[in-house]
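Shown next, in structure tokens, is the structure this report addresses.
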Amino acid sequence: MANNSYSGVKNSTANHHGDFGCSLKDLRSLMELRGAEAIGKIGESYGDVQGLCTRLKTSPVDGLSGQPADIDKRKEVFGQNLIPPKKPKTFLQLVWEALQDVTLIILEVAAIVSLGLSFYRPPDAEREHCGSAAGGVEDDGEAEAGWIEGAAILLSVVCVVLVTAFNDWSKEKQFRGLQSRIEQEQKFAVVRGGQVIQIPVAEIVVGDVAQIKYGDLLPSDGILIQGNDLKIDESSLTGESDHVKKTLERDPMLLSGTHVMEGSGKMLVTAVGENSQTGIIFALLGASEEDDDDEEEKEAKKKEKKEKKKQDGAAENRKKAKAADGAAMEMQPLNSDEVDIDEKRKSNLKEKKEKSVLQGKLTKLAVQIGKAGLVMSAITVIILVVLFVVDTFWVQGLPWHKDCTPIYIQFFVKFFIIGVTVLVVAVPEGLPLAVTISLAYSVKKMMKDNNLVRHLDACETMGNATAICSDKTGTLTMNRMTVVQAYVADKHYRNVPEPQLIPASIMDILVLGISVNSAYTTNIMSPEKEGGLPRQVGNKTECALLGFANDLKRDYQAIRNEIPEEKLYKVYTFNSCRKSMSTVLKNADGSFRMFSKGASEILLKKCSKLLTASGETKVFRPRDREDMVKKVIEPMASEGLRTICLAYRDFPVSEGEPDWDQENDILTSLTCVCVVGIEDPVRPEVPDAIKKCQRAGITVRMVTGDNINTARAIATKCGILQPGDEFLCMEGKEFNRRIRNEKGEIEQERIDKIWPKLRVLARSSPTDKHTLVKGIIDSTVLEQRQVVAVTGDGTNDGPALKKADVGFAMGIAGTDVAKEASDIILTDDNFSSIVKAVMWGRNVYDSISKFLQFQLTVNVVAVIVAFTGACITQDSPLKAVQMLWVNLIMDTFASLALATEPPTESLLLRKPYGRNKPLISRTMMKNILGHGVYQLIIIFTLLFVGEQIFDIDSGRYAPLHSPPSEHYTIIFNTFVLLQLFNEINARKIHGERNVFDGIFNNLIFCSIVFGTFIIQIVIVQWGGKPFSCVGLSIDQWLWCTFLGFSSLLWGQLISSIPTKSLRFLKSAGHGTQRQEIPDEELEDMEEMEEIDHAERELRRGQILWFRGLNRIQTQIRVVNAFRSSLSPYEGLEKPESRSSIHNFMTHPEFRIEDSEPSIPLIDDTDAEDDAPTKRNSASPRNVTPTPPSPSLSPTPSPNQNNNAVESGNNHLYVEGNKAAGTPSAPGSPLHSLETSL
């Protein structure tokens, strides 16, 4: 790879005018080819990859020059690496959506009718004929003021709409901010000017040379320049779950949005942004989704856009019936790279369906309250109308005069308005608002606590968590690895040995092995601050070894400069099943030397020789190995050290070149050089955090790849294991042996015997982690379903993170794949941040309950007052405008005030609520009823005898358009003040006595209560006719305030009554119980807008297991039939016959699709309606061997998948974890037929 061939290339860039040696179109068409075709095309058009580099004016060794002019030029010619996001909804659109609310429309209509009629003046002469109610002394001034009520209602509607729209708008803005923050944090390593630098993904341009490694998510399309053992998971584009090996000879094409599962290498970037493969798919999607609510956002980050769910419209936010749909689902980043096109077409539907536990309960509750309100308001209107008609035409016996019609209509309109206001007050449209505010507020604050929330409802689910399965490295420990002990040259050193103690021959082999047999991206940099610790970049275990080389006073960088990455003959990179890494060097004489490093108990089994102090080798027998394990490895492990063995092997010339693909033959008869013990100290704050979790009823389990002694030692230091406990620690092998039956299938009852006691799972593979999490979630041993949180950082943790109820990815050490699968990213990788997340989650739940307690009290009282008042006095004591003001206080303001309470440590002193805990506990019910009764007594006393107490004129039976009375003003004022003081009572829901506890920590609450009080004074004193108020004297004000304040005293009285003694109280707002949903309903749910978690649970429980192998074989036969009809695609990979059940189990990614002969446009709507039938036709009768369309096929995700029940031909599936969609089967026509679970 001589550099000189590029001399001149680098500098010539500036002189050319955009005339790169190939156009955007050439590159785009090149990237659509695969495998041999692609290599042929590169050879034919450019000679080889080097030739392509020359055409793109870049160097495979030194990359681009990095000059701004050149970079800008490339962006202009080949595009930028981002896909423009969809425009956000404008404020006006949001206002329009808020106006769609049904109750508001009814109010507007009523107000307009009332306005129109108020201008009608019947001739005075005939006034008397219209009945006593219509008479009344109306002087001209009063008559003129008739329009004010209508206008005031309209005005208050405008206020409500603006507030709603503003809320939605700011929420939208917040989420875009959050999204862009996630994007900016995404960096990628590229070579520019010979230096490896990290740049934001959006800055990558065509012609860049990018370094790729295990765990990366490729940010753009490219062609491999150099690779070591590179394997890519392309399921996000093709649906093939088998990892595709990428080599220069066979298949050098790398596609954006795919995951590097193994190995490392360099790639030449050939397409970015909208021209990359994923970008092209997005463009297709974008074109057809103009009208959709879905907003795609290319995450500049990894050219793998996240789809954000836009708020389903502000209207949704107020639509009581779906109370919480819009609220917490607003903008789910959906992993678009793992969701194929059809899936995205359905993702609209799906995202709407997926509701969190809390929202399921709230929706149910809001619908029930709404129905009750509707009934009440209808009765109110009917009673008023009947009373009026009976009174006027019967009691007074008046005939119906033509001239009186407008007056009568005016009365009916007034009654109608009263009815609507009862409804407005009864319906808790503040609920979705409270949820949204609470969640959005929590998410914002959680950023400060190092939790970056990617899915809103994860925040609330976390409050219910009952189990946390945590990684060890980096989460419980500091992830700053250092070598502290070594066994080298027959001697066990308790501290790092002095360089002169190690023989030179051993030292050379040791340091050479450490330097070349580690990723070249791993480095030890100088400390950021004077006197600080050196910075570790890359894999931390490798950093420890490089640090060890530095401690031995050797310079690893010099060796790397001498042997650059290109000269490494072959690299077997580390992966979770190999648990070791090896690098082969070719010596000048044609012999080879391989260096290996890996977990000591695994690598020592492959060693047959040992280097002694003299530098000679001696035979290393199994007996010696057992000695070494006892004397060296176990003592190290019991101190919590991770042990790594370093070894090498020579392949002499005489034996010829070995077959490098026969890994088992290569990785044997090694010579052990040394064993090192690496310490990773426990984070100081972890033991305390774990204690808090245990006190809060959350079990912490440690799942690690380390050996069992190390794991046990660290678990004891953290406090996961207490001395003398009965808990289990086991290794992955043992775990697997105990959970499988004779046939090797996993059995739930076997898992149930183990997991309640299990605290440490060591030497576990990613599959074990996934099995454990799934086992705990599906378990029915305890009466409460377990809610499991999982932490992970590696690519291999993806499945477990997705399966868990809440997945935490590590922000610093985590790979892109892990972050993609997670719900919350821990920006400081620290376990104690998880405890914060639990606190915030419980706080969300409590905030909602506080708000409910407050709101329901107001609802009950306001509805009853309006209803009885209207029936007895033919006029609601609370006027329409006053009701709207009360509604504003109790909905918008209260949701702001109560939903923003900061969490306190006391939240961690109780057990988790669990899924079936009702929203409104019996204590809350006691508070609601207690305060409701008290307020009703006061209001009715004032209504019927208030005029005598205060010695004022009675306001009852006032004629139409009569001036407001002091009497009714006092009622209104007292009512509002009662609510204000009750808002303070509502701060505590578990029956605590001190309601003022920590009130000044919440400034929002204080300012809202105080602000409301001020506005109330203004309304009463100067509100006048629009608010039907009269100014009150100081005495009257003091009495109103005293009555309001008395509700605090009454609250103390209520909390003294033990809840247990009130047997009649029922709790309300349960989640849907499993048994409640009959099968017929399940089938209908397919069409429903939203599906409650309860139903999702139900399906989880009904995963349809195998109905014998014959169906599978039929499917395989069907697929083969398809394959034979696909002549153009022959010669591509054959499917392995996956006939064993076990194989089916291990490949949960595919579905059999039968494909439509047409190529549907993506916005084909009818495709969605009959999707279930299409998707599930797994039995041969539905499959017609037509050439399948290139459309990408959907993954039924669990919340749609009861169709497996309807269709009868039980489509085998493993539930798609978390509705975001499993990596599913899209891609080339052939691939979409791939068969499996």
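The values are calculated or read from the model by the stated rules, or taken from the named source; none is laboratory data. Quantities reported herein were computed from a predicted structural model and do not represent experimental measurements. Note: ideal-geometry Cβ built from the backbone for every residue, glycine included; neighbour counts use all protein chains shown. The area values use the complete protein model at the heavy-atom level, side chains included, leaving out ligands, DNA and RNA. Shrake-Rupley method; radii C 1.70, N 1.55, O 1.52, S 1.80 Å.
Tally up the residues in the range 1053-1073 that are modelled with pLDDT of 80 or more and surrounded by 12 or more Cβ atoms within 10 Å (Cβ to Cβ), please.
4
Write out, first by first residue and then by second, each pair whose Cβ atoms fall under 7 Å of each other, whose residues are 6+ apart or on separate chains, and whose first residue, in the range 223-239, is surrounded by fewer than 24 Cβ atoms within 10 Å (Cβ to Cβ) while the second is of a type in the set (D, E, K, R) and in a helix (DSSP H, G or I).
As it stands, the answer is Q226/E566, since those pairs meet every condition given.
Answer yes if at least one residue in the range 483-494 is of a type outside the set (K, R), assigned to a loop (DSSP other than H, G, I, E, B), open to solvent by 30 Å² or more (accessible area, probe 1.4 Å) and in contact with a helix residue (DSSP H, G or I) (Cβ under 7 Å, 6 or more places away or on another chain), and no otherwise. I'd like the intermediate steps shown before the answer.
Looking only at the range 483-494, we keep the residues that are of a type outside the set (K, R), and these are 483-490, 492-493.
Okay, now just the ones that are also assigned to a loop (DSSP other than H, G, I, E, B), so 489-490.
From the residues that got through so far, the ones that are open to solvent by 30 Å² or more (accessible area, probe 1.4 Å) too are 490.
With the extra rule that they be in contact with a helix residue (DSSP H, G or I) (Cβ under 7 Å, 6 or more places away or on another chain), the set shrinks to none.
Within the range 483-494, not a single residue is of a type outside the set (K, R), assigned to a loop (DSSP other than H, G, I, E, B), open to solvent by 30 Å² or more (accessible area, probe 1.4 Å) and in contact with a helix residue (DSSP H, G or I) (Cβ under 7 Å, 6 or more places away or on another chain).
Going through the range 457-475 one residue at a time, which ones are modelled with pLDDT under 85, open to solvent by 10 Å² or more (accessible area, probe 1.4 Å) and not in a loop (DSSP other than H, G, I, E, B)?
Hit for the range 457-475 is D457, nothing else.
Scan (1) of a type outside the set (K, R); (2) open to solvent by less than 10 Å² (accessible area, probe 1.4 Å); (3) outside any helix (DSSP H, G or I); (4) without any contact (Cβ under 8 Å) to a residue 40 or more places away in the chain for the single condition L546 breaks and write down its number.
Going through (1) of a type outside the set (K, R); (2) open to solvent by less than 10 Å² (accessible area, probe 1.4 Å); (3) outside any helix (DSSP H, G or I); (4) without any contact (Cβ under 8 Å) to a residue 40 or more places away in the chain one by one, L546 breaks only (3).
I'd like the full set of residues that are among the charged types (D, E, K, R), closer than 17 Å to L254 by Cβ and not in a helix (DSSP H, G or I), limited to the range 37-90. Before you say what the answer is, go through the steps one by one.
Within the range 37-90, the subset among the charged types (D, E, K, R) is 37, 41, 44, 48, 55, 57, 62, 70, 72-76, 86-87, 89.
Imposing the further condition that a residue be closer than 17 Å to L254 by Cβ reduces the set to 37, 41, 48.
D48, the sole residue that qualifies.
Among the numbered criteria (1) crowded, with 24+ Cβ neighbours inside 10 Å; (2) within 16 Å of G474 (Cβ to Cβ); (3) of a type in the set (G, A, S), which one does G798 miss?
It is condition (2) that G798 fails.
Just to check your reading of the model, which residue among T392, T405 is open to solvent by less than 60 Å² (accessible area, probe 1.4 Å), in contact (Cβ under 8 Å) with a residue 12 or more places away in the chain and either part of a helix (DSSP H, G or I) or of a type outside the set (A, V, I, L, M, F, W, C) (or both)?
Only one candidate qualifies: T392.
Of the residues that sit in the range 960-993 and are within 36 Å of the chain's Cα centre (by Cα) and in a loop (DSSP other than H, G, I, E, B), which one is surrounded by the most Cβ atoms within 10 Å (Cβ to Cβ)?
A986
Helices (runs of 4 or more DSSP H) wholly in the range 841-956 with at least 2 residues that are within 34 Å of the chain's Cα centre (by Cα) and within 30 Å of D449 (Cα to Cα) - which ones?
Answer list for the range 841-956: 894-899.
Only residues that are in contact with a strand residue (DSSP E or B) (Cβ under 6 Å, 6 or more places away or on another chain) and among the acidic types (D, E): list them for the range 822-857, please.
Listed by number, the residues that qualify are D823, D829.
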